[in-house]
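Student: First the structure, which I've put down as structure tokens, then a few questions once you've had a look.
Every read-out reported here was derived from the displayed coordinates using simple, explicitly stated rules and does not represent laboratory data. Model, not experiment: these values are computed from the prediction. Cβ placement follows ideal geometry from the backbone for every residue including glycine, while neighbour counts extend to all protein chains displayed.
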Amino acid sequence: MIYVVNGPNLNLLGKREPQKYGNITLDEINRDLEETAFANNEEIKFFQSNSEGAILDYLQSLPKSAKIIMNPGALAHTSIALRDCITAMEAEVVEVHITNIFSREEFRHHSYVSPVAKGVISGLGSEVYHLALTWFIERE
């Protein structure tokens, strides 16, 4: 099972700043990932919340051996609680960001999640999700 966890404002994809985030919606990204997972006999589940607490509760409900593709959104730059939650888990997390966080405002250059993630994919548009999924699938 692979879990895709999206943080605040990612439900606005396709509407929010399309010049930065593109026109694709989160539902479209999820459908594409679901098709890829199904074609590779992999199960996938999706979760999105604008609430930090709901995200932490969801992560804590997952099995310790979970494989997680996570776009924490702005929580990457602000949430020590999210970092601590990931650290407490023994899950493999691949952090993804649609935009290149290092080419944006300076406050976005630091992620609390990155040091505790297995890897980070940033700046390649919505393709970051597919790349992370492919990485998990090819490792099995």
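Student: For the chain, what is the calculated [θ] at 222 nm in deg cm²/dmol (nearest 500), taking -39500 (n - 2.57) for each run of four or more DSSP H residues and dividing by its residue count?
Tutor: Calculated from helices alone, the mean residue ellipticity at 222 nm is -11000 deg cm²/dmol.
Student: Sticking with this structure for a sec: Name the residue farthest towards the positive end of the dipole of the chain from the options A39, I137, S111, assuming +1 on Cβ of Lys and Arg, -1 on Cβ of Asp and Glu, about the Cα centre.
Tutor: S111
Student: Place the peptides 95-106, 31-42 in order of packing, highest mean first, counting for every residue the other Cβ atoms within 10 Å and averaging per peptide.
Tutor: 95-106, 31-42
Student: Let me ask something additional. To the nearest 20 debye, what charge dipole does the range 2-139 have about its Cα centre, counting +1 at the Cβ of each Lys and Arg and -1 at the Cβ of each Asp and Glu?
Tutor: For the range 2-139, the charge dipole is close to 240 debye.
Student: Oh, and also: If Lys and Arg each add +1 and Asp and Glu each add -1, what is the summed charge of the other residues whose beta carbon sits under 15 Å from the beta carbon of V113?
Tutor: So the environment of V113 carries a net charge of -1.
Student: Okay, moving on. Before anything else, pin down the relative contact order of the chain: Cα pairs under 8 Å, at least 6 apart, normalised by residue count, whole percent.
Tutor: It rounds to 27 percent for the chain.
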